[in-house]
Amino acid sequence: MAEWADQLTELVATRGAELQRYGFLLTGDRAEAADLVQEALVRVFARPRRAWRLGEIEGYVRRTMLNRYLDLYRRRARYRALVPQLAEDPVGPDGSEQLADRLQLVVALGALSPTQRACVVLRYYEDLPVAAVAERLGRREGTVKRHLSDALERLGVALTDACRELGEGVSS
């Protein structure tokens, strides 16, 4: 039993920050990303299996994170349909230009559907080819290409609009 504990410790020590970033890109929130990583680790290590290599374990954890994110999003969407939203917290950019750019990207990613967001993260953050993204999501390549195309178009429009708003705010 100590073997799986050693593997868990090694995984968190060597790849924990990468898993957190991956979770953040999926969720757009640091706290949710931390919860997603923790829940994935618990699910993967709840039933220790054969001796894994570090890369295999990370793959299982990332896949578990992706599945859990999509499941949580579906649940929240159903809940939101049943309970009307009263108000949203206003989010404004910080004075830092980099922080404003990052915030605009996070907001733009948040406007994507969960499947589009997952496709973008897998394709451009994990640098997977379209075929691998399709395999991970259990979709056809053409479907993934369509989701990527739609997502990139929506991101382009959202980021262009954000840049225009930023430019108008400076000149006024």
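The values are calculated or read from the model by the stated rules, or taken from the named source; none is laboratory data. Computed from a predicted model, the values in this text were never measured in an experiment. Every residue, glycine among them, receives a Cβ derived from its backbone with ideal geometry; neighbour counts consider all protein chains shown. Each accessible area value is taken on the protein alone, full model and side chains, heavy atoms only, with ligands, DNA and RNA left out. Shrake-Rupley method; radii C 1.70, N 1.55, O 1.52, S 1.80 Å.
Within region 112-135, can you find the residues that are surrounded by fewer than 17 Cβ atoms within 10 Å (Cβ to Cβ) and either of a type in the set (S, T, N, Q) or closer than 14 Å to L155 by Cα (or both)?
Within region 112-135, S113, Y124 meet the criteria.
I need every pair where a residue in region 97-111 that is within 16 Å of G23 (Cα to Cα) has its Cβ under 9 Å from the Cβ of a residue that is at pLDDT 80 or above and of a type in the set (D, E), sequence separation at least 6 or different chains.
Short answer, once both residue conditions are applied: V106/D29.
Across region 129-146, what is the total count of residues that are under 15 Å from the mean Cα position of the chain (by Cα) and within 21 Å of A108 (Cβ to Cβ)?
Of the residues in that region, 2 qualify.
Could you give me the residue pairs with C-beta distances under 9 Å whose first residue belongs to region 15-39 and is over 16 Å from R76 (Cα atoms) and open to solvent by less than 30 Å² (accessible area, probe 1.4 Å), whose second residue is part of a helix (DSSP H, G or I) and of a type in the set (D, E) wherever it lies, and which are 6+ apart or on separate chains?
Pairs found: L19/E58; G23/E32; G23/D35.
So L8 clears everything in (1) closer than 21 Å to Q116 by Cβ; (2) open to solvent by less than 60 Å² (accessible area, probe 1.4 Å) except one condition, right? Which one?
(1)
Give me the residue from region 98-111 that is under 16 Å from A158 (Cβ atoms) and of a type in the set (A, V, I, L, M, F, W, C) and, out of that set, modelled with the lowest pLDDT.
Here the answer is A100.
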